[in-house]
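Below is one structure, written out as structure tokens; the observations come after it.
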Amino acid sequence: MSQDVKLESGMTRKEAAKAVGHKCLVSRRKFLISAGVTTTIMITLDAGTAQAQQVPAQITEYPRKFVAKLSDLKLDEPFDFNYPDEGEYSENMIVKMGVRAGGGLGPDQDVVAFNYACTHQGGTLFDSYKADTKSLGACPLHLSTYDLTRHGILISGQAYQSLPQILLELEGDDIYATGIFGLIYGRKDNLQG
Ligand code: FES
């Protein structure tokens with residue numbers, strides 16, 4: 001069995017090797033961090049010119065719009081409203097379904113709102129709510145039908161995207177639309193209809 005030798009520092013060779021190894025690792029880590037900082041600075045400097053200015057990030061926010069009073073909603077009777085604007089394909093419906101739904105609002109989480117434009121080719125789903133299946137459809141053009149208990153997922157038909165769901169907030173008895181989950185048919189941006 002080999003015996004470890006004590007060095008002048010009082011450490012054994014093994015202890016010294018360990019210490020050196022540790023130092024190297026720390027140094028390498030420090031180097032990597034330093035390299036990262038340098039890169040960032042270089043990129044910043046590279047992008048920077050005498051004319052460069054700090055530009056704040058652009059955040060587009062959905063309008064907050066009053067839709068209905070929770071106490072006014074009647075079971076399985078949709079109420080229509082426009083959102084996020086009055087432009088094309090902005091027609092939506094809100095309905096209290098009596099069964100818990102994904103994104104459902106209220107004490108029973110059964111109030112949901114969806115856009116009326118079929119995601120396939122924009123056929124209108126107006127007046128197509130089915131209380132027995134809690135669905136919208138069938139679309140008059142190619143028969144797509146959407147499940148309103150599961151975020152408007154497609155049940156059947158030609159579409160391949162879920163129906164855009166209107167995000168809702170409850171404040172007291174007032175229901176507000178605050179956003180849209182999904183892209184409205186015919187729009188590249190929900191807010192530029
Ligand atoms: S437009 Fe609705 S299924 Fe084609």
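Readers should treat all values here as calculations from the given coordinates under stated rules, not as data from a laboratory. None of these values were measured; they are calculated from a predicted model. Please note: Cβ atoms are built from the backbone with ideal geometry, for glycine as well, and neighbour counts cover all protein chains shown.
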Would you please state which residues of the stretch 136-163 a label at Gln121 would reach in this model, taking the label point 7 Å out along Cα→Cβ and a backbone N cut-off of under 14 Å?
139-144, 158-160
Filter Lys65/Lys96; Lys74/Lys130; Lys69/Lys188 down to the pairs with a C-alpha to C-alpha distance above 22 Å, please.
Lys69/Lys188
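List Glu61, Glu88 from most exposed to least, where exposure is judged by having the fewest other Cβ atoms within 10 Å.
On the way: Glu61 8, Glu88 13.
So the ranking, lowest neighbour count to highest, is Glu61, Glu88.
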Please list, ordered by chain and number, the residues whose modelled amide H lies under 5 Å from the amide H of Val67; skip anything fewer than 5 residues away on the same chain.
Ile175, Tyr176, Ala177
In sequence order, calculated HN-Hα J values of the stretch 174-179 (Karplus, 6.51, -1.76, 1.60; Hz; x Gly/Pro):
8, 9, 10, 8, 10, x
Search the structure for amide H atoms under 5 Å from the amide H of Ser156, placed 1.01 Å from N in the peptide plane, and list their residues when 5 or more places away or on another chain.
Thr145
Calculate the spin-label point distance for Glu77 paired with Gln192, positioning each point 7 Å from the Cα along the beta-carbon direction, and give it in nanometres.
4.1 nm
